[in-house]
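Down below is the structure, laid out as structure tokens.
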Amino acid sequence: MAERRECGPWPREGEPRPAGRARRLCVVGAGYVGLTAAACFAHLGHDVRCVERDAERLGTLLEGGIPIHEPGLAELVAAGLRSGRLGFTDDIGAALEGAEVAFLCVGTPPQASGEPDLSLLAAAAREAARHASGDVVVVVKSTVPPGSCEALELVCAEEAAPGVRIRVASSPEFLRESRAVEDFLAPDRVVVGAEDADAAELVAGLYPEGCPVVVCDRRGAELVKYAANTYLAIKISFANEVAQLCDALGTEAQAVLAGVGADHRVGPEFLRPGPGYGGSCLPKDVAGFIALGEAAGTRTTLAAAAEAQNAHARRSVVHRLELVLGGLSGRQVGVLGLAFKDGTDDVRDSPALQIVADLVAAGAVVTCYDPLAPSFLALGTRAATVSGAIVGAEALVVAVASEEYQRLDPVTAARSMAGRVVFDAAGILDLERWTAAGFSVYGVGRGMPLAFYPVVWTPLRWTTAGKSPGAEAAGA
Ligand SMILES: NC(=O)c1ccc[n+]([C@@H]2O[C@H](COP(=O)([O-])OP(=O)(O)OC[C@H]3O[C@@H](n4cnc5c(N)ncnc54)[C@H](O)[C@@H]3O)[C@@H](O)[C@H]2O)c1
């Protein structure tokens, strides 16, 4: 356990404060969700002990480092350690001492069936219950199917010492990686599912003052997370569906989708075409939503369609590049981006990584660049800079929407690359500048040449209706 010092008076003037009073909390799991929650709760004034069982991760934290990349998180962790309001340990018993609430933030990875694997969560709940010396509200932050909290409460009851009451509540997490701290401290909403009003009030009171709170029963709270992520996935897949149509029609999807998203009932977010969704949450939660429907005997056709459209989007970048280059075997390709999105080091189920893997599988010679993705990835050659990834390349793929890649100067790129093909899967390059520098620019919904998608254009048929086939060609 890191050294703990006396907490000073809190909150200070102008600092964020919790809606209720400051409390002693235990957070289990120091990943993207757990570490962010622990640091932010400490920032709000709570006294937080965070349990991590991975020795390497814990070692990094005890040495004052952080094991993941998240803007603003290192500063909050350091401040928490300095103030004594945050500590790390592998001893759940010590972390639970005096804690009124324990948050479970461990992974729930997908299984082949689409259902999440809850074994880590069940083990964490058992450990918490076994070590609790007083009444605790165990809050499940991990994403779990409806009914899980009820099941976990039974598990906890089996393990708890006589006279210790463990209530299990749900408070799913909605933070976005790369914006985890800001999302946690200023969430769109906090969702709390509990069986009694007292537990709901206790949990809701831990979050920042003034944020909207949705209180419901536990199954409802658990379902909010699946439904929200499935909706976002459907939106992204819809954008890609529109983009495919735009390619076939030779028009720009970004403009079309800007027009669609400007309607406040739709909204512009998540309405950008690209190489498909990925990461540790959306694919897993869509699969979980479909598995839920199967188990409950309800139809989940929209979710299944989003999944199918996404699989197509993820394959089509390399497929189309192959068409453009007339084959990939032995062709040198530079790829910018490996993480599942900009600003994170997380490569779990990353579309960019799939692009690289598909290119390598097709025989391309790939050099990739990503400033944050872990160095152990052994796919293609890893360059230390953008320039290193593009030198000598016959084609360049921009796989992640990053400002760093957007800043790449096309004239410089033209001097360094062997070819003049750019596939802007992320949709961030300035078409005019890159075209002016001599590049053929392709992308998702950027109006691919009609030769790839021959279209019988219905309006054209109307204007030529009643004329003989030869009349149109003759300009009649
Ligand atoms: N990553 C996200 O953006 C995000 C957003 C919202 C919700 N979620 C959900 O939150 C959950 C956690 O996601 P994550 O990305 O933070 O996972 P993660 O894998 O990054 O972190 C989980 C951590 O828990 C630790 N752990 C596991 N069992 C433990 C135990 N018994 N005691 C102590 N430590 C233990 C692991 O070592 C790991 O460090 C998942 O259910 C996920 O679906 C994730």
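The values are calculated or read from the model by the stated rules, or taken from the named source; none is laboratory data. Being a predicted model, the structure only gives us computed values, none of them experimental. Cβ coordinates were reconstructed from backbone atoms using ideal geometry, including for glycine residues, and neighbour counts include every protein chain displayed. Remember, those area values only see protein heavy atoms, side chains included, never the ligands or the DNA or RNA. Shrake-Rupley method; radii C 1.70, N 1.55, O 1.52, S 1.80 Å.
Accessible surface for residue 236 stands near 30 Å², nearest 10, in the context of the full protein assembly shown (1.4 Å probe). Rolling a 1.4 Å probe over the heavy atoms of the protein chains gives the stretch 24-216 an accessible area of 38 Å² per residue. With loop membership from DSSP and a limit of 13 other Cβ atoms within 10 Å, the longest segment of the chain without GluC sites (Glu not before Pro) is 270-476. Note on the chain: percent of Cα-Cα distances in each 10 Å bin, starting at 0 and stopping at the bin with the largest distance, equals 4, 18, 25, 22, 16, 9, 3, 1, 1, 0. Heavy atoms of the protein chains alone define the surface here; on that basis the stretch 233-452 has 42 Å² accessible area per residue at 1.4 Å probe size. Checking the a/c ratio against 1.5 first, then a/b against b/c, what shape does the Cα gyration tensor give for the stretch 188-230? Since a/c reaches 1.5 but b/c is at least a/b, the shape of the stretch 188-230 is classed as oblate. Taken about its Cα centre, the chain carries a charge dipole of about 1000 debye when Lys and Arg each add +1 at the Cβ and Asp and Glu each add -1 at the Cβ. With every protein chain in place and a 1.4 angstrom probe, the accessible-area ranking of 264, 43, 69, largest first, reads 264, 69, 43. Taking the chain as the region of interest, the number of lysine pairs whose Cα atoms are within less than 26 Å, with members eight or more places apart or on different chains, is 10. As a length-normalised measure over Cα pairs under 8 Å and 6 or more apart, the relative contact order of the chain settles at 12 percent. Projected over every direction and averaged, the convex hull enclosing the alpha-carbon atoms of the stretch 87-169 yields 5.4 nm². Across q = 0.09, 0.16 Å⁻¹, the stretch 24-216 modelled as identical point scatterers on its alpha-carbon atoms has Debye log10 I(q)/I(0) values of -0.29, -0.98, in the order of the q list. By accessible area, using a 1.4 Å probe on protein heavy atoms only, the chain has 55% of its surface on carbon and sulfur. Summed over qualifying helices (DSSP H, 4 residues or more, each -39500 (n - 2.57)) and divided by its residue number, the chain shows a 222 nm mean residue ellipticity of -12500 deg cm²/dmol.
Computed from Cα positions, the angle between helix 148-159 and the longest principal axis of the chain comes to roughly 30 degrees. For the Cα atoms of the chain, what angle does the longest principal axis make with the long axis of helix 301-325, in degrees from 0 to 90, nearest 10? The two axes meet at around 50 degrees.
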